[in-house]
1. Given the criterion touching a helix residue (DSSP H, G or I) at 6+ places or on another chain (Cβ under 9 Å) and of a type in the set (D, E, K, R), identify the matching residue among D:170, D:198.
2. Please determine whether any residue of segment B:97-110 is within 12 Å of another protein chain (Cβ to nearest Cβ), touching a helix residue (DSSP H, G or I) at 6+ places or on another chain (Cβ under 8 Å), in a helix (DSSP H, G or I) and buried (at least 24 other Cβ atoms within 10 Å of the Cβ).
3. Among the listed residues C:34, C:17, which satisfies the condition of being surrounded by 15 or more Cβ atoms within 10 Å (Cβ to Cβ), away from every other protein chain (no Cβ under 14 Å) and within 13 Å of ligand 3 (Cβ to nearest atom)?
4. Give segment E:275-301 a look and list any residue that's in contact (Cβ under 8 Å) with a residue 60 or more places away in the chain and part of a helix (DSSP H, G or I), or say none.
5. Among the listed residues A:192, A:158, which satisfies the condition of being in a helix (DSSP H, G or I) and either within 23 Å of the chain's Cα centre (by Cα) or free of Cβ contacts under 8 Å to residues at least 12 places away in the same chain (or both)?
6. Residue by residue through segment E:2-57, note down the ones that are more than 10 Å from chain A (Cβ to nearest Cβ) and on the phi > 0 side of the Ramachandran plot.
7. Within segment E:111-126, which residues are without any contact (Cβ under 8 Å) to a residue 40 or more places away in the chain and in a loop (DSSP other than H, G, I, E, B)?
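The values are calculated or read from the model by the stated rules, or taken from the named source; none is laboratory data. This one's a predicted model, so the numbers in the text were calculated from it and none came from an experiment. When we count neighbours, we look across all protein chains shown, and the Cβ atoms used for this are built from the backbone with ideal geometry, even at glycine.
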Amino acid sequence: MSNGTRIGGYKKPLAVVLAIAFILLVWQLVALTLPDFLMPGILPVLERLSESVRSGDFYAGLMGSLARLGTGYGIALACGVAFGLLAASLNFFREVLRNVIVILQSLPSIAWVPLFLIVWGFGNKPMIVVVALAAFFPAALSVMNATESVHKVHISAARVMGASPWGLVRRVYLPAVMPELITGAQLAFGNAWRALISVEMLVDFGKGLGRSLSFSGDTGDMTGVMANILVIAILAALIDQLVLERIKHRLLRYQYV
Amino acid sequence: MSNGTRIGGYKKPLAVVLAIAFILLVWQLVALTLPDFLMPGILPVLERLSESVRSGDFYAGLMGSLARLGTGYGIALACGVAFGLLAASLNFFREVLRNVIVILQSLPSIAWVPLFLIVWGFGNKPMIVVVALAAFFPAALSVMNATESVHKVHISAARVMGASPWGLVRRVYLPAVMPELITGAQLAFGNAWRALISVEMLVDFGKGLGRSLSFSGDTGDMTGVMANILVIAILAALIDQLVLERIKHRLLRYQYV
Amino acid sequence: MNLSFSNVYKQFGSLSVVDNFSAGFHSGEIVALVGPSGSGKSTLLHMAAGLEKTTSGTIETDAQPVTKPDPSRTLVFQEHALYPWLTLKQNVAMALEFQHVARKQAYERAATWLQRVGLDGFENYYPHQVSGGMRQRAALARAFIAEPEVLLLDEPFGALDALTRLSLQDVLLDLVEQARPTVLLVTHDVDEALFLADRVMVFSARPATVLKEFNLSHRERSHDLSDLAAEKREILSLLGIAVKHESKSEQSDKLAA
Amino acid sequence: MNLSFSNVYKQFGSLSVVDNFSAGFHSGEIVALVGPSGSGKSTLLHMAAGLEKTTSGTIETDAQPVTKPDPSRTLVFQEHALYPWLTLKQNVAMALEFQHVARKQAYERAATWLQRVGLDGFENYYPHQVSGGMRQRAALARAFIAEPEVLLLDEPFGALDALTRLSLQDVLLDLVEQARPTVLLVTHDVDEALFLADRVMVFSARPATVLKEFNLSHRERSHDLSDLAAEKREILSLLGIAVKHESKSEQSDKLAA
Amino acid sequence: ADKLKVGYLRVMDDAQAIVAQEGDFYKKQGLDTELMEFKSGTDLIKAIVGGQVDVGVLGFTNAISWASRGADLKVVGGAQRGYHSLLVRDDAGINTLADLKGKTLASQSQGSTADTVLRGVVLKGADLKEGDVNVMGVSPAVAVQSLVGNRVNAAFLFEPYDRIAQLVAPVKQIYEVGESWPFPCMVVITSGKVLESRKDDIWKALDAQQQAIELLENKPAEASKLIAQYFIAEPTLKTRKQGDLPRETVIADAIKTQEFTSKVTDKDIERMTELARIMEGEGSLKTKDGKPFDVNTVLDLEWQKARKL
Ligand SMILES: Nc1ncnc2c1ncn2[C@@H]1O[C@H](COP(=O)(O)OP(=O)(O)OP(=O)(O)O)[C@@H](O)[C@H]1O
Ligand SMILES: Nc1ncnc2c1ncn2[C@@H]1O[C@H](COP(=O)(O)OP(=O)(O)OP(=O)(O)O)[C@@H](O)[C@H]1O
Ligand SMILES: [Mg+2]
Ligand SMILES: [Mg+2]
């Protein structure tokens, strides 16, 4: 029973398009008032982008970032789900583990960087661990919380109908935790992405979008800075909207009819 | 109607204490297996902390960070709430603004650093802007969403009772959006804190906890790294639990009885 | 206060909900409105309260057209409309505070009314701390306290168990006897209508038109409805229910329709 | 199947909920359990279903002790217990699938049963897409489809409007006539108990003990309850309600108690 | 043989490492090398400690601050004598070091050798205390940018950025540390473990760099061709007064001002000890037992003895 003024139907994509247009417009207006070397307009940035796409530099950075993201995020999701389900079988110690996660989570993932760099030295490993750590916490927490909030009556009903333990897990627990699991996975993705870009900006190793951004900044190359910002924003939006939202709509179909 | 295994009463603080003990234990165990210069134990780190507290260095960094955090977070909250309420009075354009925020939010706040450094040069200003930006988005979004979800029947009931427009805002709208506003403010704090530490680590200017952390890392001073990580974690937890949770409990008293 | 509908039509978009409704209601009279779900009964009450505009036709109280809500016409909502952030006493007192009664006095009168509906001892409980039935009683107290001249009740006893329901019906009858408001009562319970009402209006399915009106004002009020068995049978059959045991197939047809 | 309770006690912690309950129920018989809210009626049904253990005493079906849930004893829960992620048809079919009936056949039988409760055309709707009454009907179909020998109904018609309620009562009577299960029916509605039951058991407030039992098996079932006026009056007075119009003060006293 | 990973910074001080790579001097020594760029010495030292890089050319303060914490590091050769100049904007009204009070100064990240010298020698020499000058740590390119954009009043720079800044920005040089306080800025660092297991390779690398130094010292124009694109992306540099200059010219000039040397002299060791005391004063160097750090513990100068430099 909401105010009823939410927008539906064809208006939603329209709002997204207008939002993008609005951002580009503001950018272009700022660019017009500032000197070129402080803020380039849209066109030179797009030119730079198409140039770097053609030259192949772009792919090296993109692939480097995506490889780190994929590895870190993948490890985090797998460990998070396993950890969450395992914790569900504990009782009081689960509460302790939850607090461990909550405390460690209050530390920005980037703060681990100096530690990991010293322990593992330069390289991909500390970066991937930071990304994984950033994603692990929300993933594990969401699964832990979800297993707790399965409705008791849903379990009782299945037992009355003669469900086997495995049937109970497969047909009641799993679909019941799915919404929170997916929300957790999306949250984890946002965290992983932020951690990735930060750690790439901070650690000067290998190729990556974050490093390419900080390099552009260090060399005062504003066109490069804007081009990289653009790529980072578009990529995050694409992965979230095209990949994660699709998976969500597929798995939670019943919520959208 | 949850599974009913959540822990209440005196067990909650116990779980927090055990969680801290668990973390410290793992740390100490790792320290025992690694050489000192890679991972110091708890004692030398505590010694270092008490030393730096006595020497006054600590306060300079703490104050620098808190000043940036306070300014950035304060600006962001004020602007976010004002923006959210203003947007509530718009109709379709609100949906556009919401999308603008969602898109900009997908960009890690740290990615703005190179841009702001070039536009405003080195100094506190770009750092504060990054912190404010990180906190602004969740604050504004939460207020925007909250104004939409005020129950229609709550408004109708007030109108039937003869409420004036100002009475409606003060006695219905404001208390109705309060829970989401506070959640948004807490989310915003987490974001601001993360952004602050990252930007301090990245930008070598002034004094600050993040900078002190990255300096320790750069000079191979693991004791300093761990001491700083400890301070950052404790501070985040303290601000969140002592300040924000208190304000929340005070303002949302009715939810806790 | 007399309440009159003249040729009232109501459409939501292309959905016709009320179709040429005309009727007059008088001070001290209880009129029950019964009819199938979704027929437009709530909509009628909302229009009488001034919360919805008529599509055409007029609603008047003592020859004054109804254009906006007014405390003299009070509506008890079908859904739970207490404010979760206020205690029961504060909720009830709010009706007076919106009319600028001093807080202290408002609280005193609220406490008295809570006692009348059997909620003494629960003044300082929040709505979520009490049962659905108790919430419903508080909502009634909030309506009664404003001493309305028109009382619009939308299934006010729906959420109550048999005991409480009977006792609150008595509170209502008592109030009507003393203050003589005009009462419109929507109910699904034919027995309740027969027990409480001076007149019973039976509505058709959407759009709402009056199928038949029963005048019961001559009879002595009693829970023993054996004198009204004929009326009951007719109302039920107007509502599409044959009293005698019907064949299953016909039943299912009716439900599926 | 005969269901018998012998000297059953039930405590939750130190709260005594059922106190020395002994009774026998027979195949083809409908027994209504009425009693104040919180008296322990649901607890009785849960124990009979095998979802709760007795504190002492035994429950047996045909001389076999009840130790765990079994599809031959089916419970329709007081709260909504459909799975939100399954369509109505899938929900109903689940009762068969847990008993290893092939999916195709399960779906076919589910569709038949949905038709019997008047839900044809809604097979592929999700629970949140239909009204509370329709959900309740689906829950009944899910219970009926397993052809249980003991049917435990916890206020199964509570959420329904008058029309649907009457029609589903007929579906139940029809089922009992054909399959002759043992039916325990908890209800707040005395009229419903008088219409449906062969025996009515009136419970005291917690801990539940039987105040009186009424045997109605001799009478012809009819919605015209004038023949049972004496029984109705006695049940209501056992439940603490005087039928005649009482003085207000006594009423409030009773409610506040 | 295994690839030898050589870490370097994109500054003139590391020219020998770059020239040895671009001029194939490593290859001629029979080494298969990979050049890895780092943003600062503080990053490069972590890579050496972590084993991702075998040998690097970087400021020696990095080596001693890590060695004092227990890391196993060795300085095996010299590279370049400190040449850092202090540039100020013409419009800043700064003529002496003392005028810096209250001004903004771009330096390198804290903990780097340049920053240590700036704080511990230059500013201290002018009686400026912590907090008197607003020091910010940035990359050299950003420092130049900041001078151009008038975001800082002064910058502590080294070649070639010092030269580039003078060509593109309205700045003047008021101080040069190499003149008043020459010190062994850049050295060749490796870890004790690598030195033990791949001593031959390290020595070969030192030989190759020695040849590169000879080229830099004797034929700067030729060396410039090898390395110019490392520092200036465009073929020409747009200067304020001299129009477009070819990048090779700019870099060749920069090379000429540098003093490259692969020998660590006794005087250098004295300077190192002096710097170690400065760092102890600052707190960036701390031994576990609290005793002054002995720089000799990180020196392994067998190569220069063997080569009789
Ligand atoms: N604000 C609205 N906008 C559009 N349609 C509405 C609105 N309010 C009610 N309706 C529609 O009007 C019809 C009548 O609704 P109403 O609530 O008046 O029925 P009702 O008789 O009170 O039913 P019930 O007994 O279930 O409460 C319904 O079909 C409903 O969907
Ligand atoms: N799992 C449980 N743990 C502790 N107490 C419980 C539990 N289940 C029920 N109770 C308590 O037992 C008492 C009886 O509950 P029960 O649900 O059987 O009452 P009921 O007669 O069905 O009431 P209603 O008519 O309101 O449904 C209540 O006071 C309830 O709080
Ligand atoms: Mg209604
Ligand atoms: Mg119950």
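1. Criteria check complete, one pass: D:170.
2. Yes, segment B:97-110 contains a residue that is within 12 Å of another protein chain (Cβ to nearest Cβ), touching a helix residue (DSSP H, G or I) at 6+ places or on another chain (Cβ under 8 Å), in a helix (DSSP H, G or I) and buried (at least 24 other Cβ atoms within 10 Å of the Cβ).
3. C:17
4. Selection gives E:275, E:276, E:278, E:279, E:281, E:282, E:295, E:297, E:298.
5. Numbers: A:158 fails: either within 23 Å of the chain's Cα centre (by Cα) or free of Cβ contacts under 8 Å to residues at least 12 places away in the same chain (or both).
None of the others qualify; the one that does is A:192.
6. Hits for segment E:2-57 are E:24, E:30.
7. Matches in segment E:111-126: E:126 only.
Residues checked against (1) touching a helix residue (DSSP H, G or I) at 6+ places or on another chain (Cβ under 8 Å); (2) under 30 Å from residue A:215 (Cα atoms):
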| position | (1), (2) |
| --- | --- |
| A:123 | yes, yes |
| A:138 | yes, no |
| A:161 | yes, no |
| A:175 | no, no |
| A:203 | yes, yes |
